[in-house]
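Since the structure comes first, as structure tokens, the remarks are kept for the end.
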Amino acid sequence: MITIKSIRELKGMQKSGRLLASMFEALRDVIKPGITTWDIEEFCQDFVSSRGGRLSEQGFEGYKYGTCISTNDEIAHQIPSKKRVLKEGDIVKVDVTCNVDGYETDSCTTYPVGKISKEDQDLIETTKKAMYLGIDQAVLGNRIGDIGAAIQNYVEVEHNYGDVRELVGHGIQPTIHEDPEVPHWGKAGHGLRLREGMTITCEPMVEAGGDWRIDQRSVDDPNDDWVYYATPDGSNSAQFEHTFAITKDGPKILTLQKPYDGYEKYIPHFDEMED
């Protein structure tokens, strides 16, 4: 079921999103060669819990951790581990959901680990721009397909990368996964019409090798039956994700990170509005 959020609910989600965004900002000074992905998990847990929130992926559908941390050719859903040490030149995707006072937000950022190759930097920048091109289509009167078509054209036609199709964005609140599904590919003018008060995520995953398919693999932990996804050809992948609301003034991002330079139009001000 798709729910239309009140101003009161959007205020709650904005509070949750601001906390999540500040955590991602702080991670820029944490991620470097030599740390483990478990170090990132612990940092995120401590940062959010000490500020009144919780990482709500933990316990969702049996997941044991607060973060999903995927490196290089891993597309999504890899678990944090004390054995996984980041090295110079890696790229790492940190995907987190945050709950504050019952309000959910979801975001992902891809970070360079030390100095990375130009190819990986181009991949990261393309993926981030693809996300914003999709979000730009989330205006009243448009359809879900407009979001996916904009992303697919930029990723596959303009850059010859692979645009993952089997993992999609989604509605969010009151749980972290709600209707509707938000594919990152599709046809403009098709799909569900967007309505004011909907809250959804846009989270394109892009493969450098040009393949859009994914491989499912088991995590390297005999005590955990979780699976993650990787590129079939071993090429690197990147992902970015924001949670945002559909409003009469355009999409307003609830998980926007500072600095805001160039992104001012996405800043929400629900806390200044009457319920």
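The values are calculated or read from the model by the stated rules, or taken from the named source; none is laboratory data. Here the structure is a predicted model, which is why all the values come from computation and not from measurement. Please note: Cβ atoms are built from the backbone with ideal geometry, for glycine as well, and neighbour counts cover all protein chains shown.
Matching residues to (1) surrounded by fewer than 16 Cβ atoms within 10 Å (Cβ to Cβ); (2) touching a Pro at 6+ places or on another chain (Cβ under 7 Å); (3) at pLDDT below 95:
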residue: Asp179; (1), (2), (3): yes, no, no
residue: Leu194; (1), (2), (3): no, no, no
residue: Ile246; (1), (2), (3): no, no, no
residue: Lys252; (1), (2), (3): no, yes, no
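Just to be sure, is Lys129 outside any loop (DSSP other than H, G, I, E, B), under 26 Å from Asp249 (Cα atoms) and among the charged types (D, E, K, R)? The answer is yes for Lys129. Looking across the stretch 221-275, the residues that are over 19 Å from Leu10 (Cα atoms), without any contact (Cβ under 8 Å) to a residue 24 or more places away in the chain and either in contact with a strand residue (DSSP E or B) (Cβ under 7 Å, 6 or more places away or on another chain) or among the charged types (D, E, K, R) (or both) come down to Asp225, Pro232, Asp261.
Of all residues in the stretch 33-47, those being of a type outside the set (Gly, Ala, Ser), over 19 Å from Asn99 (Cβ atoms) and exposed (fewer than 14 other Cβ atoms within 10 Å of the Cβ) number 1. Looking at the stretch 1-31, which of its residues are assigned to a loop (DSSP other than H, G, I, E, B), surrounded by fewer than 20 Cβ atoms within 10 Å (Cβ to Cβ) and either touching a residue at least 12 places away in the same chain (Cβ under 8 Å) or within 17 Å of the chain's Cα centre (by Cα) (or both)? Within the stretch 1-31, Met1, Ile2, Thr3, Ile4, Ser6, Arg28, Val30 meet the criteria.
Somewhere in the stretch 60-67, is a residue among the hydroxyl-bearing types (Ser, Thr, Tyr), crowded, with 20+ Cβ neighbours inside 10 Å, at pLDDT 95 or above and closer than 29 Å to Asp233 by Cα? I'd like the intermediate steps shown before the answer.
Taking the stretch 60-67 as the starting set, the residues that turn out to be among the hydroxyl-bearing types (Ser, Thr, Tyr) are 63, 65, 67.
Subsequent filtering for residues that are crowded, with 20+ Cβ neighbours inside 10 Å retains 65, 67.
From what is left, the residues that are at pLDDT 95 or above are 65, 67.
Among the residues that remain, those that are also closer than 29 Å to Asp233 by Cα are: 65, 67.
For the stretch 60-67, residues among the hydroxyl-bearing types (Ser, Thr, Tyr), crowded, with 20+ Cβ neighbours inside 10 Å, at pLDDT 95 or above and closer than 29 Å to Asp233 by Cα: present.
When you look at Thr37, is it over 17 Å from the mean Cα position of the chain (by Cα), of a type in the set (Val, Ile, Thr) and farther than 25 Å from Val227 by Cα, yes or no?
Criteria not met by Thr37.
Only strands (runs of 3 or more DSSP E) whose full extent lies in the stretch 150-232 are considered here, and the ones with at least 3 residues that are of a type outside the set (Phe, Trp, Tyr) are 169-171, 178-182, 199-202, 205-207, 215-218.
Evaluated against (1) of a type in the set (Gly, Ala, Ser); (2) touching a Ser or Thr at 6+ places or on another chain (Cβ under 8 Å); (3) outside any helix (DSSP H, G or I), Gly34 falls short on exactly one condition, (2). Return a yes/no flag: does the stretch 39-52 have any residue that is assigned to a loop (DSSP other than H, G, I, E, B) and touching a residue at least 24 places away in the same chain (Cβ under 8 Å). Yes, there is a match, as at least one residue in the stretch 39-52 is assigned to a loop (DSSP other than H, G, I, E, B) and touching a residue at least 24 places away in the same chain (Cβ under 8 Å). Selection over the stretch 209-239 of residues that are among the hydrophobic types (A, V, I, L, M, F, W, C) and surrounded by 24 or more Cβ atoms within 10 Å (Cβ to Cβ) gives a count of 1. Could you tell me whether Gly210 is small (Gly, Ala, Ser), within 18 Å of Ile147 (Cβ to Cβ) and more than 19 Å from the chain's Cα centre (by Cα)? No, not satisfied.
Taking (1) without any contact (Cβ under 8 Å) to a residue 40 or more places away in the chain; (2) out of contact with any strand residue (DSSP E or B) (no Cβ under 6 Å at 6 or more places or on another chain) in turn, Ser218 satisfies each apart from (2).
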